[in-house]
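Undergrad: Here's a structure for you.
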Amino acid sequence: MKNSLKLIFSFIVIFFGCEKEVDLKIDESESKLVLNAWFKTEQHPVVEVNRSTFIFDKRGTDIIQNAEVILFENDKEIGFLEHFGGGFYQNENIEIKPDTEYKITAKVDGFEDITAIEKSLKKFTDSEYEFEYESFPNPSGSNYQSLSDIEIRLKDNGSSEDIYLFLIKDTNKSWRHETSSDTLYNEFIIYLNSSDAQIEYIYAPNLGQIQILRDELFNGKEYTLNFRSNDLRKYEYSDEERSYISQNVIEIHKISKSFYLYLKSIENNQYPDPFTEPTQIYTNVENGYGILATSSVTNIQVDEVAENNNE
């Protein structure tokens, strides 16, 4: 017993009785450019450019409004992206083509030039999926709160490694009849739930929780997914003074592997284990940070009007 007590006491002394001062040198002035872009096939490119800051800097990342952002298509320069607000740049005259290599370079005085290269995905066609839904009253909610069960049947292409991302967006607009030119538009992500064990729930910046499915277990075969969400049906309201329309759009994306790795690395840092080191955030940006992500998307707009519409 005495020997056991001595061993315990020695353990405490070793781990808690020793202190050592370490002079840790951190370069607080070092800053690099950060580039974030999500290129969607058949949509115009939008890129965000900012700069990294020291971890204890309360400002967070700083936006860049004077960057020179150049876009290349199959290594051929096709145009500049113009600043339009915050740290965002776009070119509405350019459309992202399917199955094409894109390169972005961003140049800012005082910083090292950064570059990101990624290939867009092949077009996601209507023949690659089937979609059905059924709406019903919410058993735990009030009369007007309904739910929808969704079934998506994917017809996976066996010649490629496919990663699917699922979103539902509620797009709504409202306006007063006297000033219809002042129409207000809003868009937000609807919560989507599935009991499928193959679904990965990932938190994505600016999107919230999203659902990811990899085709590892059904490559080249059909796969059926079932989701539950808020009522998908269209809702319209109008009285003597104002009108309101709310409509849901389902987005099914095929995303690049780089995008998946970036989202996973962010997810792994949401709730870090105190006994493990933080995960390095994935990046495909040379000389900087961030991600150039690509996806091919199909949009499903639900036009059915809810039964209790305009009440």
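Undergrad: Suppose the chain between Q145 and N172 were pulled fully straight at 0.36 nm per residue; how much longer would it get relative to their current alpha carbon spacing?
TA: 8.0 nm
Undergrad: Taking one equal scatterer on every alpha-carbon of region 33-119, how large is log10 of I(q)/I(0) by Debye at q = 0.11, 0.12, 0.19 1/Å?
TA: The Cα Debye sum returns log10 ratios of -0.30, -0.35, -0.82.
Undergrad: Also: In whole angstrom, note down how far apart the Cα centers of region 239-265 and region 63-109 are.
TA: Region 239-265 and region 63-109 have Cα centres separated by 23 Å.
Undergrad: Give, in whole angstrom and from largest to smallest, the semi-axes √(5λ) of the equivalent ellipsoid of region 154-311, with λ running over the eigenvalues of the Cα gyration tensor.
TA: With the √(5λ) rule applied to region 154-311, the semi-axes are 35, 21, 15 Å.
Undergrad: Within region 156-311, how many Lys pairs sit with Cα atoms under 30 Å apart, leaving out pairs fewer than 8 places apart on the same chain?
TA: Lysine pair count for region 156-311: 12.
Undergrad: Related question: For N269 and K123, FRET efficiency with R0 = 22 Å and r from the beta-carbon atoms, rounded to 0.05?
TA: Result of the calculation: an efficiency of 0.10.
Undergrad: More than 15 angstrom separation, counting every C-alpha pair in region 161-209; what % is that?
TA: 61 percent
Since every read-out is calculated from the coordinates, none of them should be taken as a lab result. Owing to the predicted nature of the structure, the values given are computational and were not obtained by experimental measurement. No Cβ is skipped: glycine too gets one built from the backbone with ideal geometry, and neighbour counts run over all protein chains shown.
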